[in-house]
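Okay, structure first, notes after.
The values are calculated or read from the model by the stated rules, or taken from the named source; none is laboratory data. Predicted model only: the values in this text are computed from it and were never measured. Note that we place each Cβ from the backbone using ideal geometry, even for glycine, and neighbour counts take in every protein chain shown. In case anyone asks, the SASA skips ligands and DNA or RNA and just uses the protein heavy atoms, side chains included. Shrake-Rupley method; radii C 1.70, N 1.55, O 1.52, S 1.80 Å.
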Amino acid sequence: MEALSTSWPLFGLHLSTPRLELRAITDQDLPAFQAAGLSGIHEPGRSPFSHPWTDVPDAELPTNMARHIWRVRAQTRTEDWTLPLGVWHEGDLVGMQDLMARDFADLRTVSTGSWLTRTAQGRGIGTGMRTAVVLYAFGYLGVEVAESEAASWNHSSWGISHAVGYQDNGVTRRMWCG
């Protein structure tokens, strides 16, 4: 039987830092991925996500997380893609770091999004995982611009963005979680 990376080359992508391993989430990783999501990402009622995907009953979250992974795989095209990377620290899956692009060949721009379990927050893991994908994007993919977004109150995300080298480039007004 051929390796999964033969059928889906992104399964062969592994990014490593001295403390972290980032790699595509396989179906075998889904139980650990779902457990990480269920363990808690943010305080209840204060979602840092522009789409509040965590604000569902616990019974629905694992299925929604699996659907997300399967959907982004199925929608991957050369010009439009999302690369969802699981983040492992000391052997445990503690979060996810996305690298996304739209009209990639023309814009050479990526955006990033991420989450960490509450127990992994505040330990430099967020900065390490964002640094890993941004270095990969600029060094290997030939990216010219990397973007991210965060709610105005999400100081942790802003801190990571600034630590990695992002510069403020404007404000977008929209409803954030209603």
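Where in the stretch 50-140 are there helices (runs of 4 or more DSSP H), lying fully within it, with 1 or more residues that are of a type in the set (Gly, Ala, Ser) and under 15 Å from Ser16 (Cα atoms)?
Per the criteria, 125-139.
Which of the residues belonging to the stretch 65-78 are at pLDDT 80 or above, open to solvent by less than 70 Å² (accessible area, probe 1.4 Å) and not small (Gly, Ala, Ser)?
Matches in the stretch 65-78: His68, Ile69, Val72, Arg73, Thr76.
Of the residues that make up the stretch 127-147, is at least one open to solvent by 60 Å² or more (accessible area, probe 1.4 Å), over 14 Å from the mean Cα position of the chain (by Cα), modelled with pLDDT of 85 or more and of a type in the set (D, E, K, R)?
yes
Hey, could you check the stretch 16-33 for residues that are touching a residue at least 24 places away in the same chain (Cβ under 8 Å) and assigned to a loop (DSSP other than H, G, I, E, B) and say which is farthest from Ala120 (Cα to Cα)?
The qualifying residue farthest from Ala120 (Cα to Cα) is Ile25.
Might you check whether a residue that is at pLDDT 90 or above, within 20 Å of Leu99 (Cβ to Cβ) and among the hydrophobic types (A, V, I, L, M, F, W, C) occurs anywhere in the stretch 6-13?
Looking through the stretch 6-13, at least one residue is at pLDDT 90 or above, within 20 Å of Leu99 (Cβ to Cβ) and among the hydrophobic types (A, V, I, L, M, F, W, C).
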